[in-house]
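Participant: This is the structure I want to talk about, given as structure tokens.
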Amino acid sequence: MPTSEATTTYEKSARKVFIRTFGCQMNEYDSEVMAGLFELDGWIITENESEADVIILNTCSVRQHAEDRVWGALYDLRGRAEREPNLIIGVCGCMAQGRAKDIARNCPHVRLIAGTHAFSRLPELVEETSRSGRTVVDIDASRMPRLGALPRKRKSRLKAFVPVMRGCENFCAYCVVPYVRGPEISRSADEVLSEVETLARDGCREVTLLGQNVNSYCGPRKTGGTGSVKFAELLRMIGGVNGILRIRFMTSHPKDFPDELIRAMADVPAVCEHLHLPLQSGSDRVLERMNRKYTFGSYRELVGRIRDAIPSIALSTDIIVGFPGETEEEYNRTAQAMEEIGFDSAFIFKYSDREKTRAAEFEPKVAQRGIVRRHAELLKLQERIGAEKNRGLIGARVEVLVEGYSPRNPERLFGRTRTNKRAVFEGGEDLIGTLVCVTIREVTPLTLIGDLS
Ligand code: SAH
Ligand code: SF4
Ligand code: F3S
């Protein structure tokens, strides 16, 4: 006869949780940790929302559009929540942190609101909600998020995100992240290193080090020395881990990019020739009003130094159009800057007012029509620049880490080059997880098509 305790365990282990992730790589990492913790507690992680007993939305607030998608998802769940009174819907992440009151007011069917500092306590909070039958809110930002090694259910065996720091205190005038993620905290270098070693033993071949601004990483050194570890040194430490073939990192703020870091990138063989370096605007007046702390001239000079040290480096960037007060001439400077630098890829964003940020108070706002036009024009411009860059690769032999079959054409394998470009080619299953050489035959703006060589 099972004891009542065993029965409880059985019921618990039969419960299913569905986690949907919005936003950036940090959220993807947090979701993997949540899934890992739920699994450790005996839950089943399901990919099928309709069979879930618990639905978690891990949310983003960076632009209005990101929040609108979450409101839409919550709205869609209302009917189901009415039909299934035991269903637990939880909102966590950045929007939970910043908009807890609005969520509670507008969505009585949400039973759990857990902020960015609570991600490692999610299974406990779900239990609390379930036990009490009440809505549980945990957005206490004074609690330190857990930085230590946490269990995680990884989406990919081959690649992993590794946060080196959390939070941001740069307060770019448009950005909500410092308000929802809190101040910067760096993990200890030993902690990061041992996590990467564990990942490597587990078959991981590529790590992406994460932080809102990894360049300001300053990690305590637990063992073997005094003082703190800067990001350049951390790269060198991770470069020594056996089995890790590729190291990427994001994001780097152009205001603090020491030569020491450029040297480390050039010296460490595993560090890939790709850098995400958000420019945001090509106009100095706009950059100043954005509180970015660099000029286009200093950005261009930095890119020059990076390209001198690593000639094959690919650059990607973020651009915002329609920042309050952005004139047509200032917008044109951004377009010129994109031409001049020649980014391999660029994310172009329409400016969106965020609560609490300084730019939300700035006037005059650019009319939505103007923002939409500028956005469309820069997308087109970047498509042309990116396509030109890719055409320059026809005939080149590039290294590709094979990730699997191409989702669009299952006859082909796909992977990424060291410069973070998507490559597709024909080959056998045995190549998945290995590094191969591919000679590029054709290109599209976003993909290289080639043959094993
Ligand atoms: N920490 C990173 C990225 C943070 S958010 C960095 O500093 O680069 C990612 C991008 O979203 C930013 O680079 C910026 O281009 C964009 N973004 C942030 N706030 C925005 C807003 N209010 N409106 C439009 N785009 C925004
Ligand atoms: Fe936002 Fe600026 Fe911090 Fe990036 S560096 S997260 S854009 S405040
Ligand atoms: Fe969005 Fe939060 Fe990331 S606001 S971009 S999910 S840090």
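The values are calculated or read from the model by the stated rules, or taken from the named source; none is laboratory data. Worth saying up front: this structure is predicted, and the values here are computed from it rather than measured. All Cβ positions, glycine included, derive from the backbone under ideal geometry; neighbour counts span all protein chains shown. Each accessible area value is taken on the protein alone, full model and side chains, heavy atoms only, with ligands, DNA and RNA left out. Shrake-Rupley method; radii C 1.70, N 1.55, O 1.52, S 1.80 Å.
Participant: Checking the table Lys389/Lys421; Lys293/Lys356; Lys230/Lys356 against a 22 Å threshold on Cα-Cα, which pairs fail?
Facilitator: Check vs 22 Å cut-off fails for Lys230/Lys356.
Participant: Moving on to the next point. How much of Leu446 can a 1.4 Å solvent probe reach, expressed as accessible area in Å² and rounded to 10?
Facilitator: Approximately 140 Å² for this residue.
Participant: Just read off the accessible area of Lys159 with the full protein assembly in place, 1.4 Å probe, to the nearest 10 Å².
Facilitator: My reading of the accessible area for Lys159 is about 60 Å².
Participant: Run the reach check for Lys16 against lysines, Cα to Cα strictly under 20 Å, same-chain hits fewer than 8 apart removed. What comes back?
Facilitator: Lys153, Lys155
Participant: A further question follows. Can you give me the Cα centroid spacing of region 357-394 and region 170-203 in angstrom?
Facilitator: Value for the Cα centre distance between the two parts: 29 Å.
Participant: For labels at Lys101 and Ser312 in the simple 7 Å Cα→Cβ model, what's the distance in nm?
Facilitator: Using points 7 Å along Cα→Cβ, the separation is 5.5 nm.
Participant: If you roll a 1.4 Å probe over the heavy atoms of the protein chains, what accessible area per residue do you get for region 336-433, in Å²?
Facilitator: I get 56 Å² per residue for this part.
Participant: When the Karplus curve 6.51 cos²θ - 1.76 cosθ + 1.60 is applied with θ = phi - 60°, which whole-Hz ³J(HN,Hα) does each residue of region 349-364 get, with x for Gly and Pro?
Facilitator: 10, 7, 4, 9, 4, 10, 4, 6, 6, 5, 5, 4, 8, 6, 10, x
Participant: Which Cys residues of the chain have no other Cys Cβ less than 4.7 Å away and so no disulfide-compatible partner by this rule?
Facilitator: Flagged as lacking a Cys partner: Cys24, Cys60, Cys92, Cys94, Cys107, Cys168, Cys204, Cys218, Cys272, Cys437.
Participant: Pop out the carbon and sulfur fraction of the accessible area of the chain as a percent, whole number, probe 1.4 Å.
Facilitator: 50 percent
Participant: Going from most exposed to least, what order do Asp284, Asp256 have by accessible area with a 1.4 Å probe?
Facilitator: Final ranking, largest accessible area leading: Asp284, Asp256.
Participant: In deg cm²/dmol, rounded to 500, what helix-only [θ] at 222 nm does the chain give when every DSSP H run of at least 4 residues adds -39500 (n - 2.57) and the total is split over its residues?
Facilitator: It comes out at -11000 deg cm²/dmol, rounded to the nearest 500.
Participant: Order Trp71, Trp43, most accessible first, counting only protein heavy atoms with a 1.4 angstrom probe.
Facilitator: Of Trp71, Trp43, the descending order of accessible area is Trp71, Trp43.
Participant: For the peptides 53-59, 305-311, 97-103, what is the packing order when you average, over each peptide's residues, the other Cβ atoms within 10 Å and list the highest mean first?
Facilitator: 53-59, 97-103, 305-311
Participant: Compute the helix-to-body angle for 25-40: its Cα long axis versus the longest principal axis of the chain, expressed 0 to 90° and rounded to tens.
Facilitator: With both axes taken from Cα atoms, the answer is about 30 degrees.
Participant: Here is a follow-up. Could you state the accessible area per residue of region 4-138 in Å², with a 1.4 Å probe and every protein chain left in place?
Facilitator: Accessible area per residue, region 4-138: 46 Å².
Participant: For region 309-324, just list the computed ³J(HN,Hα) in residue order, Karplus coefficients 6.51, -1.76 and 1.60, θ = phi - 60°, integers in Hz, with x standing in for Gly and Pro.
Facilitator: 7, 9, x, 8, 5, 9, 10, 10, 8, 10, 10, 10, 9, x, 4, x
Participant: To continue, here is another question. Using DSSP, restrict attention to beta bridges with both residues in region 159-391 and report what percent are antiparallel, rounded to the nearest 5.
Facilitator: 20 percent
Participant: Hey, quick one: spin label on Arg422, modelled 7 Å out along Cα-Cβ, who in region 334-350 has an amide N within reach, i.e. under 17 Å?
Facilitator: 344-348
Participant: When a/c reaches 1.5 or more, the comparison of a/b and b/c decides; with that in mind, is region 159-391 rounded, prolate or oblate per its Cα gyration tensor?
Facilitator: Prolate, since a/c reaches 1.5 and a/b exceeds b/c.
Participant: Separation between the Arg146 and Lys16 pseudo-spin-labels, each 7 Å from Cα along Cα→Cβ, expressed in nm?
Facilitator: 2.6 nm
Participant: Of all DSSP beta bridges in the chain, what percent run antiparallel (nearest 5)?
Facilitator: 35 percent
Participant: Can you sort Tyr75, Tyr179, Tyr331 by 1.4 Å-probe accessible area, starting with the largest?
Facilitator: Ranked list, largest accessible area first: Tyr75, Tyr179, Tyr331.
Participant: Hey, another quick one. What distance in nm lies between label points placed 7 Å from Cα along the C-beta direction at Asp202 and Leu431?
Facilitator: 2.8 nm
Participant: Within region 148-185, find all residues whose amide N lies under 12 Å from a label point positioned 7 Å from the Cα of Glu260 along Cα-to-beta-carbon.
Facilitator: Label zone hits: none.
Participant: Please say if region 82-213 is rounded, prolate or oblate, where rounded means a/c under 1.5 for a ≥ b ≥ c the square roots of the C-alpha gyration tensor eigenvalues, and otherwise the choice is prolate for a/b larger than b/c and oblate otherwise?
Facilitator: It comes out oblate by the Cα gyration axes.
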